[in-house]
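Readers should treat all values here as calculations from the given coordinates under stated rules, not as data from a laboratory. Just so we're clear, the structure is a prediction, and the values are computed from it rather than from any experiment. Cβ placement follows ideal geometry from the backbone for every residue including glycine, while neighbour counts extend to all protein chains displayed.
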Amino acid sequence: MSTKIEVSGKTFLRPETLSDNVTHYCAGCGHGIAHRLLAEVIDELDIREKTIGMAPVGCSVLAYNYLRIDMAEAAHGRTPAVATGIKRIHPDKVVFCYQGDGDLAAIGTAEIIHAANRGENLTVIFINNAVYGMTQGQMAPTTLIGMKSTTTPHGRAAGDGQPIRVAELLSALTAPVYIERVSLSSPANIRKARKAILKGFVNQMEGKGFSLIECLSPCPTYWRRSPEKALKFIDEEMTKAFPLGVFRDKDREVETK
Amino acid sequence: MSNKVLISGNEAAGRAAIQAGCKAYYGYPITPQNELTEFMAANMREEGRIFIQAESELAAINMCFGSSAAGARVMTSSSSPGISLKQEGISYIAAAELPCVIVNVQRGGPGLGNIAPAQSDYWQATRGGGHGDYRTLVLAPHSVQEVFELVVLAFDLADKYRTPVLVLSDGRIGQMMEPVVIPELSAPQKDPRPWALTGCKGREPNVVKSMLLVEDVLEKLNLRLQTRYREIEENEVRYEEYNIEDADVVLVAYGTSARTCRQAVKLARERGWNVGLIRPITLWPYPAEPIRRAAEHCKFFVCVEMSLGQMIEDVRLSVEGRCPVLFTGRAGGNVPSPGEVLATIEEGMNSI
């Protein structure tokens, strides 16, 4: 049962999948939005009791404090390997990976590429906030050129590596069925993100294979910006390096044939 | 009814795993254990089970983590350099209290070393290998028959104590062929795994994890693990004694080295020397007690290894200074000969 909550005279429904724990995420963080979208989608598909989630190393390692589902915590970057091990044992369950940019695009590049390449029937929610939040603001593989972090104090230079475009990179593989990049920067974009996450889960339930939804997500704390300016930064700066859109959709390919 | 087959140690490990109800095997090629991965590739899927050639040893051990967390019996295998890569996962598996069987068909090291048999991963196997305060049960077969038996046992012990169990083989035992009597095993007991991830139907959600941020909470896990390790030390020590009763000289060796030593005991007895052998089957927990007992009556020990001296530390810890402990070892993938062992015995008899 979802729970009604009154805030400032407005009524919100808390999804059944979302616990009522007080958040540990910073003000303006995108993880809370992504968690809620996940919870709403799981409720909508009525799969809370057959879903198994992966929490990565990173700020969202505590995702299991907020999602009322079976979850495993993976070693840093090994999230898709652990998910593979679970899904292969329980093909009838719905298994998703929740991964940050360090977990997925740095230490775990081998695991995500090969899980995608095997076409594992998984749904991956990839949170790209261009910074290492949990360890307090170091450069991520997705940090923009010129962007300051604690390990690029003068701004990321080309020699530090270019921001890795995960959606495009994985779209070079044959096996994935659905790859989309969305943004958590506005109500309209959040609605699109919800639709993408829903599609990723439905794909899995229909046995189609590997889906990944990359979410551009704000980190006001380590971007040294107000929550509002962080959202603006996504729209004005991040989307230049990380264009939104669908990079792979085998449904559409079938339709156009 | 049982049947007798001529197979390699690596194949024996695969057959034993399948017979023990191993539901998923994940591996990555490395010599000298490829026959095991290939056997699993040929047989697991046919049996309706899971085989994946993983992208790395890291991925393989973490797939084991996942399938074990999902409630299945799982195994991975590798050889020394690959086992180093798996240590991260083994530490997490120990912390998350998951059962898992890992086979190490040891080869020469350090580094890439070579592909010849060695016993130079003893410290890594028995001292934890990965980070943090944990232990792994270590079973050391000395024949192909024993590979089969110990792999079956490894699955039972892993389940019983919810811990990773390492089977420490080597390139010689892995690749040589011997006749093996395959026993008829009853189907493995389907033990309840209330902690497993199966979807939280009709219950509160389960979380399989190793991060415990509050000091006292992590310490509680550490203490619970230690209690379990004491229980393992109490119940699971295994060893074989050979001509110990009247021995003036006691050899201590495991695996392939123990085969050399059996021959050395035979040759020594022919010369009229009272030599015996203690063969540890579990390397952790270590059979300290029979070694201590032998130290009451023997003049000295000779530890024999395919390394330049690793297990000898455990022999010395068991002897507690009661008598000298000599050493014969070969490195680089070489196997000590009975003649080399006899030379060390003779040296001891002349000087002690």
Place a point 7 Å from the Cα of B:GLU233 in the direction of its beta carbon; the residues of segment B:269-302 whose amide N falls under 20 Å from it are B:280-295
Check: C-alpha center segment B:29-75 vs C-alpha center segment A:194-257, spacing in Å is 33 Å
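Quick one: if you take sqrt(5λ) for each eigenvalue of the C-alpha gyration tensor of the protein assembly as shown, what semi-axes come out, biggest first, whole angstrom? Could you put the intermediate results ahead of the total?
Numbers: eigenvalues 552, 115, 98 Å².
Over the Cα atoms of the protein assembly as shown, the ellipsoid semi-axes are 53, 24, 22 Å.
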Of the listed pairs B:LYS160/B:LYS190; A:LYS87/B:LYS209; A:LYS87/B:LYS201; A:LYS192/B:LYS201; B:LYS23/B:LYS190; A:LYS93/B:LYS209, those with alpha carbons more than 22 Å apart are A:LYS192/B:LYS201
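Ranked by Cβ crowding within 10 angstrom, fewest neighbours first, how are A:HIS35, A:HIS114 ordered? Intermediate results must be reported in sequence, preceding the final value.
Numbers: A:HIS35 23, A:HIS114 19.
The most exposed by this proxy come first: A:HIS114, A:HIS35.
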In terms of the alpha carbon gyration tensor, root eigenvalues a ≥ b ≥ c, rounded if a/c is under 1.5 and otherwise prolate when a/b exceeds b/c or oblate, segment B:241-351 is rounded
Fraction of alpha-carbon pairs in chain B farther than 32 Å apart, rounded to whole percent, equals 31 percent
Proxy exposure order for B:TRP123, A:TRP223 (fewest C-beta within 10 Å first) is B:TRP123, A:TRP223
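With runs of 4+ DSSP H residues as the only contributors, calculate the mean residue ellipticity of chain A at 222 nm using -39,500 (n - 2.57) per run, divided by the residue total and rounded to the nearest 500.
Taken over chain A, the calculation gives -8500 deg cm²/dmol.
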Inter-part gap, Cα centre of segment A:36-107 to Cα centre of segment B:297-346, in whole angstrom, is 50 Å
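Run the helix sum for chain B: -39,500 (n - 2.57) per DSSP H stretch of 4+ residues, divided by residue count, reported at 222 nm to the nearest 500 deg cm²/dmol. Walk me through the numbers on the way to the answer.
Values: 12 runs with 145 residues, N = 352.
So the helix-based figure for chain B works out to -13000 deg cm²/dmol.
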Note: B:205-216 gets an average of partner chain Cβ contacts (10 Å, Cβ to Cβ) equal to 5
Taking every residue of A:85-97, the Cβ atoms of other protein chains inside 10 Å of its Cβ average out to 6
Segment B:1-38 scanned against label point 7 Å out from B:VAL181 along Cα→C-beta; backbone N under 13 Å for B:1-5
Output for segment B:250-317: GluC sites (Glu not before Pro) sitting in coil per DSSP, at most 15 other Cβ within 10 Å, listed by number, reads B:GLU296
Fewest-first ordering of B:TYR134, A:TYR25, B:TYR25 by Cβ atoms within 10 Å yields A:TYR25, B:TYR134, B:TYR25
Checking rank on B:226-235, A:208-217, with mean other Cβ inside 10 Å and highest first, the result is A:208-217, B:226-235
Relative contact order of chain A (C-alpha contacts under 8 Å, at least 6 apart) in percent is 18 percent
